[in-house]
Amino acid sequence: MSSLIFIFETTLSLTKLIKNNETSPLFLCVKKNKTKKKYSFILVLSVTKAEIYRLIKKLKTKPDDKFTNFVFHKHKKQMIIKLRGINKTYNNGAPLHVLKGIDLDIERGEMVAIMGASGSGKSTLLNILGILDTYDSGTYYLDNQLIKDLSESRAAELRNRMIGFIFQSFNLISFKNAMENVALPLYYQGISRKKRNAMAIEYLDKVGLKDWANHMPGEMSGGQKQRVAIARALIAKPQVILADEPTGALDSKTTVEVMELLREVNREGMSMIIVTHEQSVAETTNRIIHVKDGVIEKDYV
């Protein structure tokens, strides 16, 4: 894919231009020239070059329509996660080589599923991505920051600031209500109780549970608990969400609802990595990675 940035004048109105353009460009600037009765546009399109040429031919409906600053450029990918040659061995008696030279790039804003059988290494990979476990060799960059040889306090600080976690078993504190559970990450950031509780209510509202703010986890359904967990993961405004079997304890109807919520969060720009064994869940993401015997076997969109 390429981007096209160009400026042009046309007698077409904005409404007609959108109607005639199947690629739905992003309009960065629209200016009407009253004396010439023309509209000036600056557009950015993410399409193939062939599609761009077809679009220009389609838009240039009148001889006096002019195109200027016609520029192609490749997207510069912004990586939120970059792994190179990640190896991990557990030495419990006989050495167990769990990850074998993993290379993985995840772009900012991507929604990725990781799949694999039990013992494939996917959980270890997720733990390393979440700074819950270390690796033996290789490099791991999270938002351009090298994650290696961190102290426990530094690792905890980065987890709290950069990563939101969603678990299969929800991991809510049973003696705290929904609002208090959601506000918990802000407590570790030193934010006042009044402010963090207000923010918690805001995020519960985002997941449709504002009216359940004072309810305890034991009073909620599995789907409601997972929504609380999603709100908790989002409240610290992390760089990436890591979800470990987020629908594993839910029925099929609630699974669809939770995945729709996660898709909505992703559409707002949040990078998201989901470990799942459910093909239907994986297919709601933009990219599926299969891990087998400690290596990435497949990686496809």
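Okay, here's what the table says:
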| read-out | value |
| --- | --- |
| Alpha carbon Rg of segment 211-301, scaled by the compact-globule rule 2.2 N^0.38 Å | 1.17 |
| Segments 268-278, 80-90 sorted - mean Cβ within 10 Å per residue, highest first | 268-278, 80-90 |
| Virtual spin-label span in nm between Ala156 and Arg263, 7 Å along Cα→Cβ | 3.9 nm |
| Segment 159-228 - convex hull of the alpha-carbon atoms, volume per residue in Å³ | 87 Å³ |
| Scattering curve values for segment 119-169, log₁₀ I(q)/I(0), Debye with Cα scatterers, q = 0.15 Å⁻¹ | -0.41 |
| In segment 140-232, the trypsin sites (Lys or Arg not before Pro) that fall in loop regions by DSSP, at most 13 other Cβ within 10 Å | Lys148 |
| Surface share of carbon and sulfur [accessible, 1.4 angstrom probe, percent] for segment 171-281 | 47 percent |
| Relative contact order [Cα under 8 Å, 6+ residues apart], segment 162-301, whole percent | 28 percent |
| Å² per residue, accessible surface of segment 146-301 at 1.4 Å | 50 Å² |
| Spatial separation of Cα centroids for segment 262-281 and segment 188-260, in angstrom | 15 Å |
| Whether segment 156-277 is rounded, prolate or oblate, judged on the alpha carbon gyration tensor where a/c under 1.5 counts as rounded | oblate |
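The values are calculated or read from the model by the stated rules, or taken from the named source; none is laboratory data. Everything quoted here is computed from the prediction, not taken from an experiment. Note that we place each Cβ from the backbone using ideal geometry, even for glycine, and neighbour counts take in every protein chain shown. Heavy atoms of the whole protein, side chains included, go into the accessibility calculation; ligands, DNA and RNA do not. Shrake-Rupley method; radii C 1.70, N 1.55, O 1.52, S 1.80 Å.
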